[in-house]
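The values are calculated or read from the model by the stated rules, or taken from the named source; none is laboratory data. Here the structure is a predicted model, which means the values were calculated and not measured. All Cβ positions, even for glycine, are placed from backbone atoms using ideal geometry, and neighbour counts span all protein chains on display. Note: areas computed on protein heavy atoms with side chains; ligands, DNA, RNA excluded. Shrake-Rupley method; radii C 1.70, N 1.55, O 1.52, S 1.80 Å.
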Amino acid sequence: QVQLVESGGGSVQAGDSLRLSCAASLRGFRSYVMGWFRQAPGREREFVATIDWNGGTAYYADAVKGRFTMSRDNAKNAVFLQMSSLSPEDTAVYYCAARPSPVLHRNPDEYVYWGQGTQVTVSS
């Protein structure tokens, strides 16, 4: 059974940092492109970051570029999202997702497996 489990969310102050983790029970994990997405109340799910099979290439949304860093550890079947300089605009539920393809993609419809999400709340 495929399972993605996010952790590390919480409530922080503007300017703080958080590190999200996603543990994946995926056979052949290294063959999956992994992504992070977020959804704020009343808004559509939006792309945050995506990373290729060995972590050599990552793409970021303009809103988080320079503040967020995505990484993966294939030995542990895990991906991470290091978030810094957080602002209230980053408040959302953050989702980890997996795409059974070597091609990076920003469209959430291209991802097959999803976690349940972890809440990040940033107060000013």
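Numbers below:
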item: Dipole-positive endmost among 64, 122, 102 within the chain (Cβ charges, Cα centre); result: 102
item: Per residue convex hull volume, Cα atoms of the range 31-81, in Å³; result: 81 Å³
item: Coordinate range along principal axes, alpha carbons of the chain, Å, largest first; result: 41, 27, 25
item: Rg [Å, one decimal], Dmax [Å, integer] - the range 61-112, C-alpha atoms; result: 12.5, 34
item: Karplus (6.51, -1.76, 1.60) ³J(HN,Hα), θ = phi - 60°, over the range 62-75, in Hz, Gly and Pro reported as x; result: 4, 5, 10, 4, x, 10, 10, 9, 9, 9, 9, 10, 5, 5
item: Check: the chain dipole with +1 on Lys, Arg Cβ and -1 on Asp, Glu Cβ, in debye; result: 320 debye
item: Long-range HN-HN contacts of residue 113 with modeled amide H, under 5 Å; result: 98
item: Accessible area expressed per residue, the range 17-124, with surrounding protein chains retained (probe 1.4 Å, Å²); result: 49 Å²
item: Value of relative contact order over the chain, rounded to a whole percent, pairs C-alpha under 8 Å and six or more apart; result: 36 percent
item: In order through the range 41-50: 3J(HN,Hα) via Karplus (6.51 cos²θ - 1.76 cosθ + 1.60), integer Hz, x for Gly, Pro; result: x, x, 10, 6, 5, 10, 5, 10, 7, 9
